[in-house]
Amino acid sequence: MRVRDYVLYSLKSVRERRGRSVGAIIGVMIAATALALGMGIGKAFQEVFAEYLGKTLAASSIFVMNAAGLTDADVLIFSQLPCVKEAFGVAVSQATVATARGHRSVTIVAVDPRHLAELLGVADLNEFVEEGIPVPRGMEVVVGANIWQDQETGERLHRVGEVLTLRVGGRREVSLLIAGLAKPGGLRGMGFSVDDSIFMDPEEFFTLISRRRVYQVAVVILTKPEYATEVAKQVRALAPPRSRVFTPIGMVAQVEVFVNSVGMLLTFTSAVSMGVTALWVFDSMTISTVQRVREIGVLKAVGFTSRDVLLLFLTEALLISLAGEAAGLILSALLSRLVYIPVFNLRLKPVLTPEILALTLTLPVAANLAAAAIPARAAARLDPVRALRYE
Amino acid sequence: MPLIELRGVWKIYDSGSMRVVALRDVDIDVEEGEFVAVVGPSGSGKSTLLHIIGGLDRPTRGIVRVAGIEVSSLRSDTELCKYRNELVGFVFQMFYLIPRLTALENVELPLIARGLDPRERRTKALEALRLVGLEHRAHHRPAEMSGGEQQRVAIARAIVTEPKLILADEPTGNLDSANARAVMDLFEKLNKALGVTILLATHNLELLSYCDRAIRLVDGKVAGIYDRERYDELIALSSKRLREHDST
C-alpha cells in the first residue's frame, strides 16, 4: 500500500466519525496549547528573568531596607563584613511632577555615581541614557522615560537642559536641571522602575530633598554570589531594628517557584488533557474497530495485510493528533503574544523555542498513537472469517 | 492439472468443550474455466470450503492447491494476502461494500492493497464497473444503489484484479429473482468471455442451469458430484431431504 492511500483511506474514516474526531482534535489542541505555554513560561523565566538578573548586580548582592533610614555608619559596618566587596547606600524619596494631565508621582533615587552602573545593572552607563549625560552632578538629574515622554502618545514632554520642578514633601518645590534622559528600561537591579525615577547626586539630594542623611536602602555587594545566605544572616544581625534584609537570589528563587508553579499547572493541565484525549482516542478506536469488524474482514479478503490494517488505524489516530496539534500550535502562537505573567516591571510571555515546539508536537502524538495501538492491533489480528461472519 | 485441487481436506473447529467437524476428508478437482456450484443444506460446509480455497481459513488437515500454489502450506499473512489479492475474487451474500466509499473506491480496494498507481487503478476500476454495466454509478455510494447494483459492484471489486478464480458465497441470497438472474448472467458472461473459474455456493438449485457441475456437500462430506445430465437427480434428492427435514 502507498502512504498516500493510508492517509486518504483513514481521512475518510475520520470524516465519517466526525463528532468523535472533532472531540479528540479539541482534546489534542488543549493538550498541545497547555504544554507549549507551560514549557514556554518556564523558558521565558530562564531567558528573560533569571538570566537578566544573573547578569546584573542582583545575583551577588544583599539589600537592606529600613523605613527609618540607614546611616553611613550602618553602610560602613556592612562593608567591613567578610566576603563583602563593598556596600553603598541609596536614598529614595517620593515627589510629584506637574504634567498637562495633572501631577504624577515619581521616585527620586540618589546614589553615589560610582555605584550607579551597578545599581542599574548596566556594564556601561552610556547604555542607560537616550540623550545627555548619564551621571548627574550637583543639581543635575537624569529622568526616567515615563517622565520625559508621554506614555501613551510617545510625545516628548521634557528635553535636556530644561528645568524640572518637583514638589517634595507636600508643598515644597524644588527646581532641578535635566542633564540626561534615561532609555526606557523596565526592571533594573533592585527591582524598581527606572522609567518612573529621577536620578541625582546624593550630596545634592541631602541638601535639597531630604535634610536627614539617611538611606532607605543599603546595597551590600559580595565577592561571590554563593556567600549570599551566610552574609545575609550577619547583615540581619547587625542591621538596625525593623530592617528588612533580602537577597535577590532568594527573591528570584521565590519568583521561580511561582513561575514554575504556573508552568507546572499548565503542564499538569496538558498531562490531564493528553490522558483524557488518549482515552478518548482509545475509546473511539475501540468503537470503530467493533463497528468495522466486517469491513476489516473485507479488506483482508481483498488482500490487505494485517500490517496494512494496523497502519490504517494508526494513521487515523495520527491524522486526528496532527489536526489537533496544528490547531494547538496556532492557538499557542496567538496566546504567547497575548498572555503574560507580570513579574515586577517585566511581562513574562511564553517563549516557544524549536525544542518546545518539537516536544509539543511529539508528546500528544505519541500518547494518542500508544492509545490507538491497542485497538489497532486488535483490528489487525482479526481473523478474516470471523470478521466476515460478524453480525 | 486442475486449477483447484483438494486432497483429504478436514476442517475441525475445536473450542475446548465443542468440537465441530465442518469438512470431512474432502477431495475435489475443479478445472480452469469451469463454473461449479457447491450445494448443500445450511451447515454442510459450503462457506468453509470456499474460505479454505480462498485462503481466508486454513484446513486442519489435507492439501489445498490452487493454480499450482499449495495454499494450505502458506503460513505468513503476507503470502496469504498476496494469494487472495492476485488469484481470488470474493463475492458475498451481503455484498460487503464499504458504505462511506463510492462504487469506484470500493472497486479500487484490491488495487490499493496491491499498491497500484492511482491513475492506473482508476482506469482498471472503471473498466471493471463498465464490465458489470455500472460505469454510470461509479461515484454513487452503496446506500444510493439497489441490492442488485450493490452486488454488481461487489462483482466488479472481485474481478478488478483479473483473478483466475471467483468464489461466490450465496451471491443471490439477498436479491429478488430479477436481480438474481442479472447477477448470474453476469457470472456466466465472466466465465464464458473471460474464462474465469467460478465456484458458487448456493441453496438455490434453480441456479444450477448456469453451472457446468455441482458438488453436493452433506455434513462436511462430498456426497456427490453431478454434471448437467444428473441435475434432475440432484434436485430430486435435495427435495426429498428437504421433505424429511420438514417432517422431523
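Given R₀ = 45 Å, what would the calculated FRET efficiency be for A:Ala358 paired with B:Thr123, taking r from the Cβ atoms and rounding to 0.05?
Details: r = 43 Å, r/R0 = 0.95.
The calculated FRET efficiency here is 0.60.
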Problem - Max mean-square fluctuation residue, GNM over chain B, Cα-Cα springs under 10 Å, options B:Leu190, B:Leu167, B:Leu101 - result: B:Leu101
Fill in the blank from the handout: Along the dipole axis of region B:111-248 (charges at Cβ: +1 for Lys and Arg, -1 for Asp and Glu; origin at the Cα centre), the most positive-end residue among B:Ala125, B:Asn179, B:Leu200 is B:Ala125
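Roughly how big is region B:4-247's charge dipole about its Cα centre, with Cβ charges of +1 (Lys, Arg) and -1 (Asp, Glu), in debye to the nearest 20?
460 debye
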Practice task
Just order A:111-118, A:309-316 by mean Cβ neighbour count inside 10 Å, highest at the front, would you?
Solution key: A:309-316, A:111-118
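Per-residue ellipticity at 222 nm for chain A, helices alone: DSSP H runs ≥ 4 residues times -39500 (n - 2.57), over residue total, nearest 500 deg cm²/dmol?
-17500 deg cm²/dmol
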Practice task
Identify which of B:Met18, B:Met94, B:Met184 has the largest mean-square fluctuation in a Gaussian network model of chain B, with springs joining Cα atoms closer than 10 Å.
Solution key: B:Met18
Problem - Extreme residue, positive dipole direction of region A:84-222, given options A:Ile178, A:His103, A:Pro136 (C-beta unit charges) - result: A:His103
Completion exercise
Farthest towards the positive end of the dipole of chain A, among A:Val214, A:Thr247, A:Ala145 and with Cβ unit charges of +1 on Lys and Arg and -1 on Asp and Glu, lies the Cα of A:Thr247
Exercise for the section: As a check on your grasp of the helix formula, calculate [θ] at 222 nm for chain B: sum -39500 (n - 2.57) over DSSP H runs of n ≥ 4, divide by the residue count, round to the nearest 500. Expected result: -11000 deg cm²/dmol
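First compute the accessible area of region B:1-133 with a 1.4 Å probe, then give the percent of it belonging to carbon and sulfur atoms.
Details: 2650 of 5340 Å².
Reported share for carbon and sulfur atoms: 50 percent.
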Problem - Estimated inter-spin distance, B:Val21 and A:Arg347, nm [label 7 Å along Cα→Cβ] - result: 8.5 nm
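Based on the Cβ-Cβ distance from A:Arg171 to A:Leu76, what FRET efficiency comes out when R0 is 45 Å, to the nearest 0.05? Mind showing how you got there, number by number?
On the way: r = 35 Å, r/R0 = 0.78.
It comes out at approximately 0.80.
Over chain A, what is the relative contact order in whole percent, taking alpha-carbon pairs under 8 Å and six or more residues apart? If you can, show how the numbers build up before the last one.
Working: 707 pairs, mean separation 115.9, N = 391.
For chain A, the relative contact order is 30 percent.
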Handout entry: Those residues of region A:296-317 for which accessible area with every protein chain present is at least 40 Å² below the isolated value (1.4 Å probe)
Key = A:Val298, A:Ala301, A:Val302, A:Gly303, A:Phe304, A:Thr305
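Under a Cβ-only charge scheme (Lys and Arg +1, Asp and Glu -1), can you give me the dipole magnitude of region A:141-272 about the Cα centre, in debye to the nearest 20?
620 debye
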Completion exercise
Rounded to the nearest 10 degrees, the helix A:354-381 long axis (Cα) sits at an angle to the longest Cα principal axis of chain A of 20 degrees
Practice task
Rank B:Gly115, B:Gly133, B:Gly55 by mean-square fluctuation in a GNM of chain B with C-alpha springs under 10 angstrom and give only the top-ranked residue.
Solution key: B:Gly115
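Computing the accessible area with a 1.4 Å probe over protein heavy atoms, can you report the carbon and sulfur percentage for region A:84-222? Don't skip to the answer; put the middle values down first.
On the way: 2760 of 6020 Å².
Solvent-exposed carbon and sulfur of region A:84-222 make up 46 percent of the total.
Can you give me the accessible area per residue for chain B, using a 1.4 Å probe, in Å²? Can you show the working numbers first?
Numbers: 10810 Å² over 248 residues.
Solvent-accessible surface per residue comes out at 44 Å².
In units of 2.2 N^0.38 Å, what is the alpha-carbon radius of gyration of the protein assembly as shown?
Values: Rg = 43.0 Å, N = 639, 2.2 N^0.38 = 25.6 Å.
My calculation over the Cα atoms of the protein assembly as shown gives 1.68.
Assign unit charges at the C-beta atoms only (+1 for Lys and Arg, -1 for Asp and Glu), then state the dipole size of the protein assembly as shown relative to its Cα centre in Debye, rounded to the nearest 20. Don't skip to the answer; put the middle values down first.
Numbers: 74 positive and 71 negative charges, 175 e Å.
The dipole of the protein assembly as shown has a size of about 840 debye.
The values are calculated or read from the model by the stated rules, or taken from the named source; none is laboratory data. None of these values were measured; they are calculated from a predicted model. Here Cβ is always computed from backbone atoms with ideal geometry, including for glycine, and neighbour counts include all displayed protein chains. Side chains included, ligands, DNA and RNA excluded: accessible areas come from the protein's heavy atoms. Shrake-Rupley method; radii C 1.70, N 1.55, O 1.52, S 1.80 Å.
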